[in-house]
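This report concerns only the one structure given below.
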Amino acid sequence: MFKNKLKAKDVMQKLLTQLIMFVILAIVPVLTNNIYILHIIILSNIYAVFASSWDLISGYTGQVSLGHSLFFGGGAYLAAFLTMWYDIPQHITLIIAGITMAALSLVVGVPCLRLSGPYLAIATLAFSEAVRSIVLAFPHVTRGDEGMPLRALAFGVTPNYYISLLLMFILVNIMHFIANYYFRIPFIAIRENEVAAKASGINVTKYRLLSFVLSAFFSGVIGSFYAYYMMAITPEGLSIDTSLMPLTMSIVGGMGTIFGPILGAYILTFLTELLRVFIYRIRILIYALLTVIFIVALPGGLFKTLQDLVKTLEKSIFKGSSSQH
């Protein structure tokens, strides 16, 4: 087993930072009763988990998936079916959706992960589009473009706000632990140089598939919650638009960081929602432009840029205090 040693100081710093952010977000409903602002933050929390799950495969092992809407939308549709047909409690369907999407990712991953680069991206996109076509082809079952209605997991914006916040906090931290402690060495080795990773004894196929399965699980869980929050799911949840969201959010926030995609999710969700009247119809174009701009100008994303800035400030402050003594 490849494990990365965690320094107690680093762990405490990260936990303290997260706790501060969690408390700040937790008191927002106390400070404002603006339903629209709370709604945007709920969506940001949902997309933050979705983007972090995409980053688990693309940011850490270097595999580009353009079909992650398959697991997000698939989890949402599965939640709808389980609730409508079998009356299974909503909180249980979250786990069932995650496990089912993880199982589905094995079916998709075994043939797709033999490919790499643009071929892998195209193959994953083909799978998600195929499932979307099936959903549209059977409107008597899926209700086609109209979508499937669901009962809410919790009624009212505030309860959903805290559920989304708790889900984001728990799921992102689990992903962070997996990516930066349990499997960091093989994941990063594969991302940096697949040939060298194989030569060092790392089972590349195994770890690529593992990251794909884990990513699908978290996408399925948060996709099912999204359906409950919106109280409906439509084929748009399986579209290329949905697949491009986590990609852009991860690149803007910073790939290979888990927490970077959270920053990207908040920025892009607020930007899209607050300027919905002006940019919603061309949001995919804007996502594409932002992706290109950040790849060229800020390849590390905003999260790493901010980290570098903080380190630079700390060094300058430390040097200044040292020179005074």
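Read-outs throughout are calculated quantities, based only on the coordinates presented, and are distinct from any laboratory measurement. Note that this is a predicted model, so its numbers are computed, not measured. Don't worry about glycine lacking a Cβ; one is built from the backbone with ideal geometry, like all the others, and counts go over all protein chains shown.
Rounded to a whole number, what is D in µm²/s for region 13-59 from Stokes-Einstein with the Kirkwood radius over alpha-carbon pairs (20 °C, 1.002 mPa s)? Can you show the working numbers first?
Working: Rh = 12.2 Å.
D, rounded to a whole number, is 175 µm²/s.
Across all Cα pairs in region 223-291, the calculated P(r) in 10 Å bins from zero up to the longest distance comes to 20, 48, 32, 1 percent per bin.
If packing is taken as the average number of other Cβ atoms within 10 Å across a peptide's residues, how do 258-266, 156-164 rank, most packed first? Present the calculation step by step, with values, prior to reporting the outcome.
On the way: 258-266: 26.3, 156-164: 17.7.
Packing order, densest peptide first, comes out as 258-266, 156-164.
Summarising the amide proton neighbourhood of Ala232: residues at separation of 5 or more, or on other chains, whose placed amide H is nearer than 5 Å comprise Leu150. When peptides 237-246, 207-216, 63-72 are sorted by average Cβ neighbour count within 10 Å, with the highest value leading, the order is 63-72, 207-216, 237-246. Rounded to the nearest Hz, the phi-derived 3J(HN,Hα) couplings of region 249-255 under the Karplus curve 6.51 cos²θ - 1.76 cosθ + 1.60 (θ = phi - 60°) are 4, 5, 5, 5, x, x, 6, where x marks glycine and proline.
Hey, could you get me the Stokes-Einstein D for region 166-301, Kirkwood radius over alpha-carbon pairs, 25 °C and 0.890 mPa s, rounded to whole µm² s⁻¹?
Numbers: Rh = 16.6 Å.
D = 148 µm²/s.
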